[in-house]
Structures are given as C-alpha cells and as structure tokens.
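As structure tokens, the structure follows; a few thoughts come after it.
The values are calculated or read from the model by the stated rules, or taken from the named source; none is laboratory data. Source: prediction; values computed, not measured. Here the Cβ positions follow ideal geometry from the backbone for every residue, glycine too, while neighbour counts run over all protein chains shown. SASA here: full protein model, heavy atoms, side chains in, ligands and nucleic acids out. Shrake-Rupley method; radii C 1.70, N 1.55, O 1.52, S 1.80 Å.
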Amino acid sequence: MVMGIGQMVVLELPASKLAAVNLAIERTAWKAFKTEIYPTYNLYPIVEPKLENKAKVAY
C-alpha cells in the first residue's frame, strides 16, 4: 500500500547496485523533495518450484 501525494518509481536491479542507485538519487534529487528508498525482493522464482511440487510444500 502506498499513501500520500507524490510519485513512486519501481526499479528492478541487482542488490549489489542498490547503494549506488540510492546515492545517485539522493545527490540528484531536487532539494524541495524528499527521497525514500524501500528495497523489496522478488521471492517468487525461489518459491515457485516448491509450489509446483505439492509434496515438498511446508507451511
């Protein structure tokens, strides 16, 4: 859920590049705006094979 007035940008990138992207955004953002970075992870490729094999699914 996202609340507020503003814009949201979704970037897909390797975790190793996160610090560089965060720094670049902080340095180039207009001073009137506040930037916030919230990293999330796409775990579906990891979970998908487990969901396909019902015998291996453990909750």
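Which numbered condition trips up Gly6, out of (1) over 12 Å from the mean Cα position of the chain (by Cα); (2) open to solvent by 80 Å² or more (accessible area, probe 1.4 Å)?
Looking at each condition in turn, Gly6 falls short on (2).
Collect the residues in the range 14-41 that are exposed (fewer than 10 other Cβ atoms within 10 Å of the Cβ) and acidic (Asp, Glu), keeping them in residue-number order.
Once the filter is applied, which keeps residues that are exposed (fewer than 10 other Cβ atoms within 10 Å of the Cβ) and acidic (Asp, Glu), the range 14-41 yields only Glu36.
I need the full set of residues from the range 6-53 which are polar (S, T, N, Q) and assigned to a loop (DSSP other than H, G, I, E, B), in order please. Explain how you work it out, then say what you get.
Here is the first cut: in the range 6-53, the ones polar (S, T, N, Q) are 7, 16, 22, 28, 35, 40, 42, 53.
Hits for the range 6-53 are Gln7, Thr35, Thr40, Asn42, Asn53.
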